[in-house]
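The values are calculated or read from the model by the stated rules, or taken from the named source; none is laboratory data. All figures in this text were calculated on a predicted structure; none of them were measured in a lab. Here the Cβ is made from the backbone with ideal geometry for all residues, glycine too, and neighbour counts use every protein chain on show. What goes into the accessible areas is simple: the full protein's heavy atoms, side chains included, and nothing from ligands, DNA or RNA. Shrake-Rupley method; radii C 1.70, N 1.55, O 1.52, S 1.80 Å.
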Amino acid sequence: MNYYTMKNNERINLLDIPTIDFNALTAQLAASNLRPVSFFGSDWGENIKLYVILADDENKKLLVTSSLINKNIKEYDSITKENHQYHMFEREFYEQFGIKPLGHPWLKPVRKNQDNYEFFEMQGDETHQVAVGPIHAGVIEPGHFRFMCQGEKIYNLEIMLGYQHRGVEDLMLKKHSNQLAESICGDSVIAYNMAYSQIMEELSGTQITPKAKLIRRIALEMERIAIHIGDLGAILGDIAYLMGKEVYGVTRTLVINTMLEISGSRFGRGLITTGGVNFDIDDNLSKKIVDILNNVKNTVEKMTHAALKSSTVMSRLEKTGTVSLETATELNLVGMIGRSCGINLDSRFDFLDDFYKDLKRKPFKATNDAYSRFKIRYKEIIESISFVKKFLKVLEKHKQENLCVSTKDLIPNSFAISIVEGWRGEIVHVATTDETGKLSRYKIKDPSFNNWYGLSMAVRNNGISDFPLCNKGFDLSYCGFDL
Amino acid sequence: MFDTLKMKLHQKKQYIPDIKNAPMRTQFRGLPVLNNSICDKCGKCKDVCPTGALNINPLSIDLSKCTFCGACKNICKNNAINFSSYYKLGTDKKEKLIVTQEITQEEYNKRAIEVRKEIYSVFNRSIKFRQVSAGGCNGCEMELNAAGNANFDMGRFGIDFVASPRHADGIVITGPITKNMAYALEDCYKSTPKPKIVILCGACALSGGVFQESSELNREFLNKYKVDLYIPGCPTHPLTFINAVLDFIRKK
């Protein structure tokens with residue numbers, strides 16, 4: 001196949017990307033076993049240009065290719081028929097550009113036209129539908145869930161999203177800013193802002209200092225620790241183990257209040273800016289962070305130990321909401337959820353940078369169920385705490401460096417990709433610039449884009465009362481999906 | 001069993017005893033402190049503001065738009081813009097959210113929320129909300145959840161989020177109100193029994209925030225119905241939310 005090989009966080013010339021025939025490309029993708037990372041269209045004069053980015057996980061490479069599609073072409077042979085990993089990508093491409101993938105088994109709206117949404121229906125004795133949402137019982141984002149049940153048992157769950165659609169990709173072209181990037185998905189502030197800043201730095205050829213890079217990575221790991229602890233609490237809250245819910249809840253407060261001390265915001269808003277970071281971590285603060293993290297580690301270890309010793313907790317977690325490795329691979333699940341199903345993908349270590357290369361992590365023994373999703377969070381909290389401590393030590397060597405460097409104008413006709421491993425998984429930002437050096441396309445993919453379908457699979461043949469437990473275990477983003 | 005009890009001993013007391021005067025870390029960006037006299041009107045802060053919250057003649061910040069990102073503070077050479085850690089930012093009128101040099105902490109607090117007899121006589125001891133996320137980024141939603149945790153524990157003042165609008169005294173809206181959520185939001189409002197209260201929470205809900213130029217919003221709801229409380233922040237801090245609601249439902 002004709003590809004341009006590139007690295008993560010790299011700018012390439014837009015014209016270096018090979019352009020191949022559309023039908024040949026789709027046929028090749030259908031037969032390929034490389035993992036799609038991004039698949040999106042972009043206006044190209046009279047035509048539409050389709051960009052495809054694939055990850056070669058074995059060789060740790062990213063492959064980019066493109067195809068020019070005449071606007072008169074209204075349909076093509078669907079890739080999803082052969083290769084299910086493309087099913088969301090093709091739906092999104094159809095919604096944005098109107099080129100119909102013929103033979104797509106599940107061609108439904110993604111973010112728009114919800115009034116015309118046709119739900120899958122099951123008929124028979126004692127079957128019934130349960131409709132939930134868009135406004136849920138808890139304080140969470142909107143989405144609609146349609147369960148097909150027989151008695152208590154779920155046969156199918158269909159998830160309709162799009163309620164949060166705010167037109168982020170278009171807004172990025174109108175007026176892009178760090179603050180907008182932070183608000184795409186407010187629980188992954190650092191990860192989104194980091195991806196956006198890295199892409200802007202690549203597109204403008206700006207080199208930031210190692211110190212700024214380190215502070216970004218410290219914040220990224222702190223975000224992971226905080227949200228994972230909160231999620232452990234939420235999982236236990238949903239199975240009515242309230243002690244765990246409250247203890248993890250207050251432990252999370254310790255971590256996010258430390259973020260407040262670093263950056264002035266509990267979620268790290270305003271910390272990262274294009275060209276570096278706005279706030280320093282000095283010796284005092286560094287010591288304080290280590291003390292708090294030690295304290296947090298102690299509490300999390302104790303609490304997890306107590307919770308997992310309780311038979312009522314274990315009986316709810318074990319063998320609930322199982323997603324087999326085959327299903328997970330077929331659906332291209334990524335990130336933490338992927339790892340809890342045995343797919344060993346982690347873009348921090350797959351696309352190594354100078355800071356992660358010396359860090360060690362233990363293999364995770366996946367059991368694919370709710371217990372696995374609980375356990376992987378615990379493992380990642382403990383790991384991230386040790387990563388932060390190591391980063392803080394390295395930071396001492398870079399004390400004299402600048403926090404922020406000035407940025408330059410964007411380089412015309414460029415293409416850049418930035419993948420950041422947020423706490424949910426790989427957050428993929430891709431941007432292109434036109435001949436005047438303005439952004440011409442900004443594409444965002446949240447890990448939830450891959451993983452929502454995994455939740456549908458997880459709840460199949462489970463009791464409907466286990467849905468909240470599965471949902472919290474996945475804890476997917478509505479706004480990151482809806483954009 | 002013993003592990004659970006040991007855990008309880010290990011945790012001790014976690015709640016904030018005096019929520020009205022809870023200490024806040026100095027790094028927190030709360031009420032802006034402006035100094036118009038040393039501002040040289042260079043306009044850089046206005047250019048860097050992501051939401052157009054700033055006005056330079058005279059220097060003022062509209063908290064309904066402000067995301068408290070601190071970009072204006074960082075770019076100002078004369079140090080004319082600062083953020084204090086004062087967190088009681090909720091007001092009952094949108095005009096009161098505009099901060100100028102003259103508006104100090106005391107001044108802001110004094111006029112922020114008017115005491116209304118019809119409110120405190122009914123809701124003084126208990127007020128229950130239905131939260132509607134209408135395009136919110138999950139930042140405000142997480143902070144509202146945190147307002148009910150063991151630290152802030154707003155349940156002790158009778159403030160709670162309930163599962164159905166039928167059980168609620170009012171709705172709390174977060175997010176810029178997307179087209180796709182407009183119908184559901186109005187439906188929720190109509191399902192809430194009278195008398196009902198509407199609270200806007202966070203920069204997105206107040207003004208559209210960073211999304212105000214988006215073509216995917218439908219903010220008609222706010223023209224149709226009266227809003228009782230505006231709570232700024234990006235996201236709103238739990239202390240800001242709880243204090244605003246407490247000031248709203250109580251005699252001062």
Which stretch or stretches of the stretch B:72-94 have amide N atoms under 17 Å from the point lying 7 Å from B:Ser37's Cα along the Cα→Cβ direction? B:78-82
Karplus 3J(HN,Hα) series, Hz, for the stretch B:167-176 with 6.51 cos²θ - 1.76 cosθ + 1.60 (x for Gly, Pro): 9, 9, 9, x, 10, 10, 9, 10, x, x
Once you put a point 7 Å from the Cα of A:Leu68 and another 7 Å from the Cα of A:Asp170, both along the Cβ direction, what distance in nm separates them? 2.7 nm
Losing no less than 50 Å² of accessible area (probe 1.4 Å) relative to the isolated chain, the residues of the stretch B:118-159 are B:Arg130, B:Cys137, B:Asn138, B:Met142
Here, A:Gln207 and A:Asp291, labelled 7 Å along Cα→Cβ, have an inter-label distance in nm of 3.9 nm
With every protein chain present, what accessible area does B:Cys140 have (1.4 Å probe, heavy atoms only), rounded to the nearest 10 Å²? 20 Å²
For the stretch A:4-102, which whole-number percentage of the solvent-accessible area (1.4 Å probe, protein heavy atoms only) is attributable to carbon and sulfur atoms? 43 percent
Once you have the Cα-Cα distance between A:Asp434 and A:Glu401, take 0.36 nm times their residue separation minus that, and quote the gain in nm to one decimal. 8.5 nm
What whole-number value in Å² describes the accessible area per residue of chain B for a 1.4 Å probe? 44 Å²
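What number comes out for the charge environment of B:Gly158, summing +1 per Lys or Arg and -1 per Asp or Glu over other residues with Cβ under 10 Å away? Before the final figure, lay out each step's value.
Details: positive: B:Arg125, B:Lys128, B:Arg156; negative: B:Asp160.
Cβ neighbours under 10 Å give a net charge of +2.
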Of B:Asn36, A:Thr5, A:Gly275, which is farthest towards the positive pole of the protein assembly as shown's charge dipole, taken about the Cα centre with +1 and -1 on the beta-carbons of Lys, Arg and Asp, Glu respectively? B:Asn36
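Can you give me the orientation-averaged projected area of the convex hull built on the Cα atoms of the stretch A:355-410, in nm²? Could you put the intermediate results ahead of the total?
Working: hull surface 27.3 nm².
Directional mean of the projected Cα hull area for the stretch A:355-410 stands at 6.8 nm².
Near A:Leu220, within a Cβ-to-Cβ distance under 9 Å, what is the net charge of the other residues, with Lys and Arg +1 and Asp and Glu -1? Before the final figure, lay out each step's value.
Details: positive: A:Arg216, A:Arg217, A:Arg224, A:Arg348; negative: A:Glu221, A:Glu223, A:Glu421.
Its environment carries a net charge of +1.
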Could you compute how fast the stretch A:367-470 diffuses translationally, taking Rh as the Kirkwood radius over C-alpha pairs and applying Stokes-Einstein at 4 °C with viscosity 1.567 mPa s? Give it in µm² per second. 71 µm²/s
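Under a 1.4 angstrom probe, counting protein chains only, how are B:Phe161, B:Phe68 ranked by accessible area, largest first? Don't skip to the end; give the middle numbers.
Details: B:Phe161 50, B:Phe68 15 Å².
Result, largest first: B:Phe161, B:Phe68.
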Computed label-point distance, nm, for sites A:Leu359 and A:Ala31 using a 7 Å Cα→Cβ extension: 4.0 nm
Scalar couplings 3J(HN,Hα) for the stretch A:174-181 by Karplus 6.51 cos²θ - 1.76 cosθ + 1.60 (θ = phi - 60°), nearest whole Hz, x for Gly and Pro, are 5, 8, 8, 8, 4, 5, 5, 4
Taking a ≥ b ≥ c as the square roots of the Cα gyration tensor eigenvalues, with a/c under 1.5 meaning rounded and otherwise prolate when a/b beats b/c, else oblate, which class fits the stretch A:297-407? oblate
If amide H atoms are modeled at 1.01 Å from N in the peptide plane, then the residues at a separation of 5 or more from B:Ile159, or on another chain, having amide H under 5 Å from its own are B:Ile127
Between chains A and B, what is the buried accessible area summed over both chains (1.4 Å probe, protein heavy atoms, nearest 100 Å²)? 4600 Å²
Carbon plus sulfur fraction of accessible area for chain B, probe 1.4 Å, in percent: 50 percent
For the protein assembly as shown, how big is the tail of P(r) above 44 Å, as a whole percent of Cα pairs? 21 percent
From the Cα centre of the stretch A:336-396 to that of the stretch A:43-102, the distance in Å is 31 Å
Enumerate the calculated ³J(HN,Hα) couplings along the stretch A:395-400 in order (Karplus 6.51 cos²θ - 1.76 cosθ + 1.60, θ = phi - 60°), each rounded to whole Hz, writing x wherever the residue is Gly or Pro. 4, 4, 6, 10, 3, 6
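Compare A:Asp350, A:Asp291 by solvent-accessible area with a 1.4 Å probe and give them largest first, with all protein chains kept in place.
From most accessible down to least: A:Asp291, A:Asp350.
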Using a Förster distance of 30 Å, how high is the FRET efficiency between A:Lys319 and A:Asp125, based on the Cβ-Cβ distance and rounded to 0.05? 0.60
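Show B:Asp169, A:Asp482 ordered by accessible area, largest first, where the area counts protein heavy atoms only and the probe is 1.4 Å. Intermediate results must be reported in sequence, preceding the final value.
Values: B:Asp169 40, A:Asp482 0 Å².
Order by accessible area, largest first: B:Asp169, A:Asp482.
Using the Cα atoms as the points, what is the convex hull volume per residue of the stretch A:4-102 in Å³? List each step's numbers first, then the result.
Values: hull volume 9.4 nm³, N = 99.
Each residue corresponds to 95 Å³ of Cα convex hull volume.
Can you compute the equivalent ellipsoid semi-axes for chain B, i.e. the square root of 5 times each eigenvalue of the Cα gyration tensor, sorted largest first and rounded to whole Å? Please report the intermediate quantities before stating the final value.
On the way: eigenvalues 185, 113, 65 Å².
In descending order the semi-axes read 30, 24, 18 Å.
Would you mind giving the three semi-axes, in whole Å and largest first, of the ellipsoid equivalent to the stretch A:168-482 according to its Cα gyration tensor?
Over the Cα atoms of the stretch A:168-482, the semi-axes work out to 33, 24, 16 Å.
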Compactness of the stretch B:88-220, expressed as Rg and Dmax over alpha-carbon positions, Å: 15.7, 44
For chain A, with every protein chain kept in place, what is the accessible area per residue (1.4 Å probe, Å²)? 37 Å²
